[in-house]
Amino acid sequence: MLFVAGLIVWVSEAVRSHRVGYFLAADVEARVNEKLGRLVMIWEASLWAGNQPRDELFGPSMMALGVVGILAGAAPFLGLILTNTPINWCVLISPSIIVPYSIFVVTVMYVLFNWSRLKNKDVIQSTLIDPDEVD
């Protein structure tokens, strides 16, 4: 259950950091640059625009997510092996196995459903741009 909880925390922090990065690129950097009258802050915007390499699919963050996911998926079954619990149908349908795997499945479905939110968008919509002025 600990690895399943770790997976949930990891995914929620990935979604949160994605949202913060988009806010920095679309709002904070644009405001600072406008206030100073020149490009001073461009890091997040350049990441979002694809001008800087990112840790998308095979980088350390995604590999760590994969490892935590694999451990979360294997942990309940490995717990049975490590405790020398005989594996039979009664044990496999017990709450000690069903609950962690149910939470794991819901977490995996959440990740797959929100996978596009974890990738960068092609266009950054700045809050400084008036939507009526855009052609």
Relative contact order (%) - the stretch 15-54, alpha-carbon pairs under 8 angstrom, separation at least six:
37 percent
Can you give the Rg and Dmax of the stretch 1-92 based on its C-alpha atoms, in angstrom?
20.8, 70
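Given R₀ = 22 Å, what would the calculated FRET efficiency be for PHE77 paired with SER12, taking r from the Cβ atoms and rounding to 0.05?
On the way: r = 25 Å, r/R0 = 1.11.
Computed FRET efficiency for PHE77 and SER12: 0.35.
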Farthest towards the positive end of the dipole of the stretch 2-117, among LEU80, PHE104, VAL28 and with Cβ unit charges of +1 on Lys and Arg and -1 on Asp and Glu, lies the Cα of VAL28
Just grab the label-to-label distance for THR85 and ILE98, each label 7 Å out from Cα along the Cβ direction, in nm (one decimal).
1.3 nm
Dipole moment magnitude, nearest 20 debye, the stretch 2-117 about Cα centre, only Lys, Arg, Asp, Glu C-beta charged:
120 debye
For a test of the definition: using alpha carbon positions, the gyration tensor, and the 1.5 limit on a/c, classify the stretch 58-98 as rounded, prolate or oblate.
prolate
So what's the net charge close to VAL40: Lys and Arg +1, Asp and Glu -1, counting the other residues with Cβ under 14 Å from its Cβ?
0
Calculate the spin-label point distance for MET109 paired with MET1, positioning each point 7 Å from the Cα along the beta-carbon direction, and give it in nanometres.
2.1 nm
Evaluate the relative contact order of the stretch 2-117 (contact order divided by residue number), counting alpha-carbon pairs under 8 angstrom at least 6 apart; express in whole percent.
33 percent
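None of the figures in this text is laboratory data; all of them are computed from the coordinates on show. Predicted, not measured: the structure shown is a model, and the values here were computed from it. So basically every Cβ, Gly included, is an ideal-geometry build from the backbone, and we count neighbours across all protein chains shown.
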